[in-house]
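Asks: Sending over a structure as structure tokens; questions will come in a sec.
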Amino acid sequence: MKPQLLKISNPLDYSFNLFEQECPYFGTPWHYHPEVEIVLVQESEGEKYIGSSITEFSPGDLTMIGSYVPHYYKNYGDYYEGNPKKMARSTVLHFNEDFLGDHFLDAPENKKIQDLIINAKRGILFHENVAQSLKKDFAKLSKTEGLDRLLLFLSILNELSKAEDMTFLTTDPMQLTNHQDSNRIKKVFEHVMQNFNEDIKLSDVASLANMSESAFSRYFKKRTRKTFSTFLTEIRIEHACKLLQKDHHSVSEVSYESGFNNLSNFNRQFKSLKNTTPLNYRARFLG
């Protein structure tokens, strides 16, 4: 299943696109686009595919999807049987990262919103309490015009940027904090991305950062909130997901090409991160 590039048409008199969807089932295929997307499901259940993740959705599901991240909302089978009592409804917002000009997000007051948009490339699922607190604002958007609509939209972005109750759906390498960190982490990151399917020792990456193993471990965890071992495993599992999305490789081949020398360890790590087995992941994705 290859994602399609979709063209989103913004209304000429608005800086962002508001789409209220009501239909028997969500029919948009596996796709991506340059616009950032926010989806609030009002009605219906199913599975959503965001990047490499597959999770269930139900009424109140609020998700933010970054630019060019492939995604797809698929309703459960009974929504395709023509039952008039089964309807799929959602409010969808699309906007470009520079929707208010090249430098708007560079203002210090907008730092949290800028970080939100960057983090959306991981796919963000906001918890139920966040969605519930913003439900009325989403409902007001379609009834508001002009500057009032823009201000309401900015208020929604502001509230999302402050929300702590959320879950990232896919793995993102790391956030850089300053120039020195950037150079150190960049060397480590490049080494991992070029060699993740081989044996990578802690001593190797610590040497790249000009640190002892213990100092590097503390440094890496402080800046990424995860151990280097966890980070490496996440990168390998993300690569495995990309291979599993195609029906060309056996699970053992995927395991080996993703840097796992032990199939049982691969299965265990995959299930821990994706809450399903590699075979079930492939079956659900290709299904």
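The values are calculated or read from the model by the stated rules, or taken from the named source; none is laboratory data. Keep in mind that what you see is a predicted model, and the values were worked out from it rather than measured. Note that we place each Cβ from the backbone using ideal geometry, even for glycine, and neighbour counts take in every protein chain shown. Accessible surface areas use protein heavy atoms only, side chains included; no ligands, DNA or RNA. Shrake-Rupley method; radii C 1.70, N 1.55, O 1.52, S 1.80 Å.
Asks: Quickly work out the Met87-to-Glu45 label distance, labels modelled 7 Å from Cα along the C-beta direction, and quote it in nm with one decimal.
Replies: So the two model labels end up 1.9 nm from each other.
Asks: So if I average 1/r over every pair of distinct C-alpha atoms in the chain and take the inverse, what Kirkwood radius in Å does that give?
Replies: After inverting the mean inverse Cα-Cα distance, the result is 20.8 Å.
Asks: What FRET efficiency do you get for Asn183 and Trp30 if R0 is 41 Å and r is their Cβ-Cβ distance, rounded to the nearest 0.05?
Replies: E between Asn183 and Trp30, to the nearest 0.05, is 0.65.
Asks: Taking the Cβ of Ser67 as the center, what net charge do the other residues with Cβ under 11 Å away carry, scoring Lys and Arg +1 and Asp and Glu -1? Intermediate values should be presented prior to the final figure.
Replies: Working: positive: Lys121; negative: Glu35, Glu37, Glu97, Asp98.
My count for the surroundings of Ser67 gives -3.
Asks: Using the basic label-point model (7 angstrom from Cα toward the beta carbon), what is the Thr230 to Leu202 distance in nanometres?
Replies: Modelled inter-label distance: 1.5 nm.
Asks: Tally Lys/Arg at +1 and Asp/Glu at -1 over every other residue whose Cβ is under 15 Å from the Cβ of Glu35; what's the total?
Replies: So the surrounding residues net to -1.
Asks: What angle do you read, to the nearest 10 degrees and between 0 and 90, between the alpha-carbon axis of helix 179-195 and the longest principal axis of the chain?
Replies: With both axes taken from Cα atoms, the answer is about 80 degrees.
Asks: Okay, moving on. Nearest 20 debye, what's the magnitude of the dipole of the chain about its Cα centre given +1 on Lys and Arg Cβ and -1 on Asp and Glu Cβ?
Replies: It works out to roughly 740 debye.
Asks: Cα axis of helix 263-274 to longest principal axis of the chain: angle in degrees, 0 to 90, nearest 10?
Replies: Around 30 degrees separate the two axes.
Asks: Cut-off under 24 Å on the C-alpha distance; same-chain residues fewer than 8 positions from Lys112 excluded. Which lysines are left, in chain and number order?
Replies: Once the sequence-local lysines are set aside, what remains near Lys112 is Lys121, Lys135, Lys136, Lys140, Lys162, Lys186, Lys221, Lys222, Lys226.
Asks: Quick one: divide the alpha-carbon radius of gyration of the stretch 178-273 by 2.2 N^0.38 Å and tell me what you get.
Replies: Compactness ratio reported: 1.15.
Asks: Report the calculated FRET efficiency for Asn275 and Met193 (r = Cβ-Cβ distance, R0 = 25 Å), to the nearest 0.05.
Replies: Working from the Cβ atoms, E equals 0.50.
Asks: If one puts a single equal scatterer on every Cα of the stretch 89-219 and applies the Debye formula without solvent, what log₁₀ I(q)/I(0) results at q = 0.10, 0.17 Å⁻¹?
Replies: Log-scaled intensity ratios, in q order: -0.50, -1.00.
Asks: Between Asp165 and Arg218, how high is the FRET efficiency from 1/(1 + (r/R0)^6) when r is the Cβ-Cβ distance and R₀ = 25 Å? Nearest 0.05.
Replies: The value I calculate is 0.30.
Asks: Now a separate question. For q = 0.22 Å⁻¹, what log10 I(q)/I(0) does the stretch 10-131 give under the Debye formula with an equal point scatterer on each alpha carbon and no solvent?
Replies: Evaluating at q = 0.22 Å⁻¹ gives log10 I(q)/I(0) of -1.33.
Asks: Here's something else I'd like to know. How about the stretch 185-241: which chymotrypsin sites (Phe, Trp or Tyr not before Pro) there are in a DSSP loop, with at most 15 other Cβ atoms within 10 Å of their Cβ?
Replies: Answer by residue number: there is no such site.
Asks: Roughly how many Å² is the accessible area per residue of the chain, as a whole number, for a 1.4 Å probe?
Replies: Dividing the accessible area of the chain by its residue count gives 54 Å².
Asks: Extension gain Glu56-Lys111, at 0.36 nm per residue separation less the Cα-Cα distance, in nm?
Replies: 16.7 nm
Asks: Further question on the same structure: Sum up the charges of everything whose Cβ sits under 13 Å from the Cβ of Thr276, counting Lys and Arg as +1 and Asp and Glu as -1, but leave Thr276 out.
Replies: +3
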